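The values are calculated or read from the model by the stated rules, or taken from the named source; none is laboratory data. Keep in mind that what you see is a predicted model, and the values were worked out from it rather than measured. For neighbour counting, all protein chains shown are included, and Cβ atoms are generated from backbone atoms with ideal geometry for every residue, glycine included. Accessible surface areas use protein heavy atoms only, side chains included; no ligands, DNA or RNA. Shrake-Rupley method; radii C 1.70, N 1.55, O 1.52, S 1.80 Å.
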Amino acid sequence: MTTYRIAPSILSADFARLGEEVRNVVAAGADMIHFDVMDNHYVPNLTIGPLVCEAIRPHVQVPIDVHLMVKPVDRIIPDFAKAGANLISFHPEGSEHIDRSLQLIRDHGCKAGLVFNPATPLHVLEHVMDKLDLILLMSVNPGFGGQSFIPHTLKKIAAVRKLIDESGRAILLQVDGGVKVDNIAEIARAGADTFVAGSAIFGKPDYTAVITAMRTELATVA
Ligand code: DX5
Ligand code: ZN
């Protein structure tokens, strides 16, 4: 039986009330908080950094899952570890030395993940599976919330599912972008177990209703 995890992305939260927002979404059943870091360089948007991570840390007990959309990544990794991140993932394009960046995350006591854009090939995985706790497949191009799920991601999810199963390692397979109540079961059937959802949750008045509806959909997956 697969354990499914729901990771609300605070990108769509009300930043003026962020402490309350993360407490509410955890009370509504979130398994982790997805924290989107954008630098106006690797992606055309600018969001939040380690200070905000540190500020929300005392408000939640669940893991904080930091998704770095920045380039370069190495200088900022220790700052997020100190700010209370539990899991840090980055895009291979954001690092000149992927193995070193993964090791840096682990050396700072965090779990490590790699993120693949819709058009980024998966071949680097071959060499780093032993250093990964999470693989994140982007189902939109990174930079903004509220975009539509790109359907060809489903094939990529299935391919990564196979790689993880063959590795025999407990690596989370996370999907990020356009995840909603009405497509989450299909995404799970392709092989994902961890679901980032921003606008589907924070865009709605009742977080519990959305997360419960997502879990009801996931319960239909064999
Ligand atoms: C996009 C971010 C996502 C974003 C998802 O670059 O990485 O985490 O918040 O937003 P939705 O769920 O609205 O597509
Ligand atoms: Zn993200």
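Observations, loosely collected:
- At 1.567 mPa s and 4 °C, Stokes D of region 1-93 from Kirkwood alpha-carbon radius, µm² per second: 96
- Per-residue 3J(HN,Hα) values for region 204-212, derived from phi via the Karplus relation 6.51 cos²θ - 1.76 cosθ + 1.60 with θ = phi - 60°, read 10, x, 10, 5, 4, 4, 5, 5, 5 Hz in sequence order (x marks Gly and Pro).
- 10 Å binning of all Cα-Cα separations within region 5-218, expressed as whole percents from 0 upward: 9, 38, 40, 14, 0
- Portion, in percent, of the accessible area of region 5-218 that falls on carbon or sulfur, probe 1.4 Å: 53
- For region 90-117 versus region 127-146, the inter-centroid distance based on Cα atoms is 11 Å.
- Antiparallel beta bridges, as assigned by DSSP with both residues in the chain, represent about 5 percent of the total such bridges.
- Computed magnitude of the charge dipole of the chain (debye, nearest 20; Cβ of K, R +1, Cβ of D, E -1): 200
- Total charge dipole magnitude, region 113-206, about the Cα centre, Cβ charges on Lys, Arg, Asp, Glu only, Debye to nearest 20: 160
- Cβ charges +1 (Lys, Arg) and -1 (Asp, Glu), total dipole of region 1-91, debye: 100
- Estimated vicinal HN-Hα couplings, Hz - region 186-203 in sequence order (Karplus 6.51, -1.76, 1.60; Gly, Pro = x): 5, 5, 5, 4, 6, x, 6, 10, 9, 10, 8, 9, x, 5, 5, 9, 6, x
- Accessible area (Å², per residue) of the chain, counting only protein heavy atoms and a probe of 1.4 Å: 44
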